[in-house]
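No lab work stands behind these numbers, since they all come straight from the coordinates. Everything numeric in this text was worked out from a predicted model, so none of it was measured. Glycine gets a Cβ as well: all are built from the backbone with ideal geometry, and neighbour counts include every protein chain shown.
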Amino acid sequence: MLEPNTLYIVPTPIGNLSDISQRALDTLQNADLIACEDTRHTARLLNHYDINAKTTSLHDHNETQRTQWLLEKLSQGQSIALVSDAGTPLISDPGYVLVKTCRQAGINVIALPGPCALTTALSASGLPTDSFSFFGFLPVKQQAKAEMLQRSVRKGHTSVFYEAPRRIKDTLSVCVSCFDFEHEVVLAKELSKTFETYVSGTAQDVLDWLEADSVHEKGEFVLMIYALPANSEEAFSEEVISLLANLKSELPLKKAAAIVAQHYSVKKNALYKYGLAHFD
């Protein structure tokens, strides 16, 4: 049984329907009302699990108005579940106004743990996670986008952004103009779905991958950027350094670093930086 006078924040799958928890299903089944970012989208999830529940919309354009109505329902003793189209509500999705208003009114708010593209992508990115920041979606216009990227990406820190398929190539082009080889970029695509993909390298490497096939631009993306700390230098084994030196005599440093990095499973950007510092 759910608690009365309570707003439940319920994460839903970001792709794979099996990722929803039993607790989330029980909450959706027993809630008096489900507030959805898009009722039609949520209906597909509810139908899949044979959940018959009343739904109402709560999105960016009606949240302020709808919040007062939902607050009345909660004050009358109802339990309400809040969901977004995918993932955890309020993480670049609607719900902030409702949750803040409930807190201010003394309404109980319970958040269920569950799927979130931010933590899913970050945990598998191979980037440092001891210090990171999430900035949601980047601005649409190039100048504003470049300013936000330069302001957000800091040395020794991982910065995480969401991006839409129609803007991802433009965003990587801006990254190329803003960041050098000391910045490691990881792009996660279609998390938990059939064509889940992680692409890493410099901003130019990732842009090259996007441009190689128009299919690569389809899907939802999480963009992660790590800037190496100032004056940092990774330690490489004698074998790695020796092979890099030998290849450097025959190939451009960037190509040599890519080959050695792949062979020894080390970071290409860090190896390239080492080569610039130690080889003429």
Sketch the reach of a paramagnetic label on TYR49 as a point 7 Å from Cα along Cα-to-Cβ, and name the residues of the stretch 113-141 whose backbone nitrogen lies under 15 Å away. 113-116
Hey, fewest Cβ within 10 Å first, where do TYR96, TYR226, TYR272 land in order? TYR96, TYR272, TYR226
How would you rank SER173, SER131, SER75, going from fewest to most other Cβ atoms within 10 Å of each one's own Cβ? SER131, SER75, SER173
If you take every DSSP beta bridge whose two residues both sit in the chain, what share of them, in percent to the nearest 5, is antiparallel? 50
With a bin width of 5 angstrom, please list the P(r) values of the chain as percents of all Cα-Cα pairs, from the 0 bin to the one holding the largest distance. 1, 5, 11, 14, 14, 13, 11, 10, 7, 5, 4, 3, 2, 1, 0, 0
Mind pulling the angle between the C-alpha long axis of helix 96-105 and the longest principal axis of the chain? Nearest 10 degrees, somewhere in 0 to 90. 50
Grab the Cα-Cα distance for LEU25 and LYS218, subtract it from 0.36 nm times how many residues apart they are, and report the gain in nm with one decimal. 66.5 nm
Count, lysine Cα pairs under 14 Å in the stretch 117-227, 8 or more residues apart or across chains: 6
Using Cα positions and a limit of under 12 Å, work out the aspartates and glutamates in reach of LYS73, with same-chain residues fewer than 8 apart set aside. ASP32
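Can you sort SER192, SER265, SER200 so the residue with the fewest Cβ neighbours within 10 Å comes first?
The order, fewest Cβ neighbours first, is SER265, SER192, SER200.
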What ³J(HN,Hα) values, in whole Hz, does the Karplus curve 6.51 cos²θ - 1.76 cosθ + 1.60 give for the stretch 253-260 when θ = phi - 60°, with x put for Gly and Pro? 4, 4, 5, 4, 5, 5, 5, 5
